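Here, each number is a calculation from the coordinates, and none is a lab measurement. Remember, it's a predicted structure, so these values are computed and weren't measured experimentally. We place every Cβ from the backbone using ideal geometry, glycine too, and count neighbours over all the protein chains shown.
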Amino acid sequence: MSEVVYITVEPSIQLHGAPTQPYWIHPQLIDSIDPVKGRQFRVSDHIPKGTCLLVDRPYAAIPVVDEPATNENLTCSYPACNRRVALGTERFSCPNACIDDVAWCGTTCRDLDQIRHAFECTWLKRYSKPIRSKRGEYEFGMLWLIIRLLATRQVEVQNPSASNGSKPFPPVSKHGWDGINMLCGSVETWSHDRVRNWSTLAKKYLQNSTILPHGLSTDRILHLICQEEANSFGLYPRETGVFPIPTPFVDRGEQFAAAVYPTAAIANHSCLPNLIHKADDQGRMVFTASRDINKGEECCISYFDLTQYTDLTTRRQHLKNSFRFTCKCERCVSEEPVEETSPWNTIPMMDME
Ligand SMILES: [Zn+2]
Ligand SMILES: [Zn+2]
Ligand SMILES: [Zn+2]
């Protein structure tokens, strides 16, 4: 049996004094708007390497595991907990026996999560099997994450002081459902085929109904799918964005959950990121400076595992396919082949009049 090897991050990068609040943002991390790139993070002062810059609790998360009943990496369904429910310890499953992927680490979490889970339970019981068999695991996960976004919203609407079903968030406007509304991902940025497919799924499985009383229009749900697809994070056991790629070569491991974070979603991508990111043991996304960051510099994460796509062509291809943009980060630009000076370039364009 192979032993799990964790990346040995330099001690200065390891989280020190990570705040224990569900949500925490470094006072010098600023959410700003760039005329070309849109929303982004910048720092308003010099930030030393190793500084923790953001801790963001998911608005919604789902486990992504095979054989959940026997999987070590299943996480507690209560959004404020999200801890791994280890095998061997007692797991508390749904009294209504909806699906095996739903479990709590204890009765406290199960009881506190009752209202939120009630929102998804009937839907899961009715639709999980047909969706999984007809549409596959990816689309099931996507729809379930949408349902969980709606479930958290429902809890928030019913009890405005209890976002995410537990303690109130600090008064940060970008959090809660307002933060979800602000996420990028307009329908126009996706291919027609994808949008048509999501539109079919939204009409078939996510309409406002007695099973799913969310009160939102089908267009809003379609937009929500676009937002979720553009902004959700995969959760992995090890850091994403460690650069230079460490030797021995260690990837970030196998995905065990997916989640939507209203604030962490603001970060743009770079193939030479100055932040590393990883979810902690409660599913909170933590951003840490992987080097000194200069005042005014943009803070970026890597959207993919840097050990997986190493050369310019495969990185750009992957980003184009999965994230719909051509990467112009400093690393990509510096690796662009120097264009040969062809004689054609020097011939003036013919006048076509
Ligand atoms: Zn729990
Ligand atoms: Zn249930
Ligand atoms: Zn790049």
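Descriptive notes on the structure:
- Neighbours of Asp34 by Cβ distance under 14 Å: Lys/Arg scored +1, Asp/Glu scored -1, total +1.
- Dipole magnitude of the stretch 74-231 about its Cα centre (Cβ charges: Lys, Arg +1; Asp, Glu -1), debye to nearest 20: 300 debye
- Axis of helix 137-158 versus longest Cα principal axis of the chain: the two differ by about 70°, to the nearest ten degrees.
- Per the Debye calculation on the chain with a single equal scatterer at every Cα and no solvent contribution, log₁₀ I(q)/I(0) for q = 0.11, 0.14, 0.15 Å⁻¹ amounts to -0.78, -1.25, -1.42.
- Residue order, fewest to most beta carbons within 10 Å, for Phe304, Phe119: Phe304, Phe119
- Cross-link partners for Lys320 among the lysines, with Cα-Cα distance under 19 Å and sequence neighbours closer than 8 places in the same chain left out: Lys37, Lys328.
- Pairs of lysines in the stretch 74-231 (C-alpha under 19 Å apart; 8 or more residues apart or interchain): 7
- GNM flexibility winner over the chain from Leu272, Leu235, Leu54 (Cα, springs under 10 Å): Leu272
- Structure-based [θ]222 nm, the chain - -39500 (n - 2.57) summed over DSSP H runs of at least 4, per residue, nearest 500: -9500 deg cm²/dmol
- The local environment of Val55, defined by Cβ-Cβ distances under 9 Å, has a net charge of 0 under the rule Lys, Arg +1 and Asp, Glu -1.
- Options Thr189, Phe249, Pro35, ranked by Cα towards positive dipole end of the chain, top entry (Cβ charges): Thr189
- Alpha-carbon centroid distance for the pair the stretch 273-296 / the stretch 20-93, whole angstrom: 11 Å
- Within-11-Å neighbourhood charge of Tyr236 [Cβ basis; K, R +1; D, E -1]: -1
- Taking the Cα centre of the chain as reference, the dipole from Cβ charges on Lys and Arg (+1) and Asp and Glu (-1) amounts to some 1240 debye.
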